[in-house]
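Here's the structure we're looking at; comments come further down.
The values are calculated or read from the model by the stated rules, or taken from the named source; none is laboratory data. In this text, all values refer to a predicted model and were calculated from it rather than measured experimentally. Because the Cβ atoms are built from the backbone with ideal geometry, glycine has one as well, and the counts that use them run over all protein chains shown. To get the accessible areas, we keep the full protein, side chains included, count just its heavy atoms, and leave off ligands, DNA and RNA. Shrake-Rupley method; radii C 1.70, N 1.55, O 1.52, S 1.80 Å.
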Amino acid sequence: MLAKIWKLAYIKPTVPVFGKLMYKIRVEATTPEQLNISYLPVNAQLQVESLPLPIIILEGIIRSSLHRIITHRCTCRDAWKCKNFDLNIGCIHIGLPTAEEDITVAHHASVEEAIAHLHKAVGAGLVPFIGHVAADNTIWNVSPDRPFTTVCFCCPCCCTNYDYYRYLPPSAQDSIHRLKGVTVTVDRDQCVGCGQCVKVCFTGAAGLLDGKSYCDEALCKTCGLCAQNCPQKAIRISVEDVEATVNELLGRINNDVGGLPVTSYQELRSN
């Protein structure tokens, strides 16, 4: 039922009546109080770490969590019966309030199960985001005064954020935060100007200039889809100071969720 209802979230503002209604709902659901998320590029090159950035961040949080669940399916992929990615790779919810989630829609997972699920999702090429999504309390029937951390694994073909982002006003778009300290660079000698990065960029940050790819960092949300889909491997996502990037992310999310199990890079690495 949720997957069928979820299709309403893809109705564009140009559609008569229902489009305007859905636009209002989407904007109200993406205020700073309702949404605070960041994408974690699976292809980020780190100066001092050998693990992908999502693994570094999410493993530490999972290991420290008091409770965690894995939804049985990804609602976005389930809605569209995704042919490109496994619709059974669902979201991970982290925090003691997730103990309220019903076993008919979610699996109450051990630390080991959640970490294995994380590796499966990242290995499949799905892009995770982490943060506070207030609407999830309603969707997954958790008390509204008990926020938890949401980790979704997004595919470019079905993700509602990717699909609807460009229709949102700037104030709503700002609820998806660019990771600080992450840089997107293009090797212009290697780039052939095929435009694949432009096709997959949901924010409009990727473009072509003089037949070569470029990234407008003011628009970029560091999802890494451009690098992931570049056939020439000409795009590089890099994080110079992993500790500073992680500390900013955890501090920002913790202010909304109100109690992440870890709040610093050092705590992540000690688990």
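Here is the figure for segment 213-225: residues that are open to solvent by less than 20 Å² (accessible area, probe 1.4 Å) and either without any contact (Cβ under 8 Å) to a residue 24 or more places away in the chain or more than 20 Å from the chain's Cα centre (by Cα) (or both) total 1. Of all the listed residues (SER38, SER64), the sole one being hydroxyl-bearing (Ser, Thr, Tyr) and within 22 Å of THR222 (Cα to Cα) is SER38.
Checking THR203, THR245, THR185 one by one, the residue that is closer than 28 Å to ILE25 by Cα and touching a Lys or Arg at 6+ places or on another chain (Cβ under 7 Å) is THR203 and no other. Looking across segment 226-247, the residues that are open to solvent by less than 20 Å² (accessible area, probe 1.4 Å), part of a helix (DSSP H, G or I) and more than 18 Å from GLY131 (Cβ to Cβ) come down to ALA227, VAL242. I need the full set of residues from segment 209-225 which are outside any helix (DSSP H, G or I) and hydrophobic (A, V, I, L, M, F, W, C), in order please. Scanning segment 209-225 gives LEU209, CYS215, ALA218, LEU219, CYS220, CYS223. For GLU112, all conditions in the list (1) surrounded by 15 or more Cβ atoms within 10 Å (Cβ to Cβ); (2) under 30 Å from ILE237 (Cβ atoms); (3) charged (D, E, K, R) hold save one; what is the number of the exception? Only one criterion is unmet by GLU112, namely (1).
Considering segment 96-205, the qualifying strands (runs of 3 or more DSSP E), each wholly inside and each with 1 or more residues that are closer than 27 Å to ALA227 by Cα, run over 127-133, 149-154, 182-186. Among the residues of segment 25-48, not one is in a helix (DSSP H, G or I) and within 16 Å of the chain's Cα centre (by Cα).
Look at VAL151 and say whether it is under 15 Å from ILE37 (Cα atoms) and either open to solvent by 40 Å² or more (accessible area, probe 1.4 Å) or touching a residue at least 60 places away in the same chain (Cβ under 8 Å) (or both). Yes, satisfied.
Looking only at residues in segment 178-212 that are touching a Gly at 6+ places or on another chain (Cβ under 7 Å) and not hydrophobic (A, V, I, L, M, F, W, C), the one that is least open to solvent (accessible area, probe 1.4 Å) is GLY193.
Inclusion of ILE89 among residues that are among the β-branched types (Val, Ile, Thr), part of a strand (DSSP E or B) and under 20 Å from THR150 (Cβ atoms) is not warranted. Looking across segment 49-80, just one residue is part of a loop (DSSP other than H, G, I, E, B), open to solvent by less than 40 Å² (accessible area, probe 1.4 Å) and of a type in the set (Gly, Ala, Ser), and that is SER65. Within segment 248-266, the presence of a residue that is farther than 26 Å from VAL133 by Cα, open to solvent by 50 Å² or more (accessible area, probe 1.4 Å) and not charged (D, E, K, R) is excluded. Quick one: which residue in ASP163, ASP145, ASP187 is over 30 Å from HIS107 (Cβ atoms) and of a type in the set (D, E, K, R)? Of ASP163, ASP145, ASP187, the one residue that is over 30 Å from HIS107 (Cβ atoms) and of a type in the set (D, E, K, R) is ASP187.
From the residues in segment 57-116 that are of a type in the set (Ser, Thr, Tyr) and within 20 Å of the chain's Cα centre (by Cα), which one is farthest from ASP136 (Cα to Cα)? Taking the candidates together, the pick is SER65.
Of all the numbered requirements in (1) surrounded by fewer than 22 Cβ atoms within 10 Å (Cβ to Cβ); (2) at pLDDT 95 or above; (3) aliphatic (A, V, I, L, M), LEU46 misses one, and that requirement is (2).
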